[in-house]
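Have a look at the structure below, then the notes.
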Amino acid sequence: MKRIFGVRKEKAPPPSLDDATNSINSRGDNVDARIAKLDTQLAKYKAQISKMRPGASQDAVKRRALVILKQKRMYEGQREQLYQHGFNLENAAFAAQNIKDNITQVQAMKAAHKDFKKQFKAKELDIDYIDNMQDDMQEMMEMTNEINESLGRTYAVPDEIDESDLMDELDALELELGDEALEEGNEGEPSYLQEPDLPSAPTGQGADEFGVPKEQESEEAEPVAVNQS
């Protein structure tokens, strides 16, 4: 069958805007290169004309320079057309890209909207469920405070103490502190840190380190009798 009817050729995909833009830019670069060569030739002819005297030779050089100038003007016109075509293609590519971006944005918003609807159907985002949970939390916090207050009570301390009891306690504390201050001596040392008073030694009689009087010793030692055999 393929031999009879032949094989259908696949169509090549149409060129994209980027391909068309690149092709036009490449053609524009070639035209710019040709214009640069013509400018070089015109500069040479100008130098020759300035060095030549008016006459047939100078007129011939001018005619050649005029031909080069016409070619330059033609290429400049082509370059302007190519630049305009490239500008139009770039605008079209920009608009096409904007359309693609808009489609992508709408698709993303659609997916997000679907996800939001699915999440808001969850029990955790039910406003009644959240309010009930908050009420339960508040009630449990109040119960916890009551339990802590009950456990923190002291059984040996009276519940109520009036102002007169407070003043009596402060006066008694002041008297107690005053008595302790009078008992303190030796540059503010407490009485239990002070050394006890020791009896003074008799006049003319020494005492040991514990305050006990020493026995008087005779100024001159008695001679010891020696038995002579």
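Tabulated data for the structure shown
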{"read-out": "Enclosed volume per residue, in Å³, of the convex hull spanned by Cα atoms of segment 20-61", "value": "54 Å³"}
{"read-out": "Ranking of D136, D128 by count of other Cβ atoms within 10 Å, fewest first", "value": "D128, D136"}
{"read-out": "Pairs of lysine residues in segment 15-120 - Cα separation under 19 Å, sequence separation of 8 or more or cross-chain", "value": "15"}
{"read-out": "Förster radius 45 Å - calculated FRET efficiency between K121 and N25, Cβ distance, rounded to 0.05", "value": "0.25"}
{"read-out": "Principal axis dimensions, largest first and in whole angstrom, of segment 15-120 by Cα", "value": "95, 20, 15"}
{"read-out": "Calculated FRET efficiency for the pair M74/Q41, C-beta based, R₀ 22 Å, to 0.05", "value": "0.90"}
{"read-out": "Rounded Å value of the spacing that divides the Cα centres of segment 12-50 and segment 95-118", "value": "43 Å"}
{"read-out": "Estimated FRET transfer efficiency (N102, K11; beta-carbon r; R0 30 Å; 0.05)", "value": "0.55"}
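All of the numbers you see were taken from the coordinates with simple rules; none came from a lab. Keep in mind that this is a model prediction, so the values were computed, not measured. FYI the Cβ positions are ideal-geometry reconstructions off the backbone, even for glycines, and counts take in every protein chain you see.
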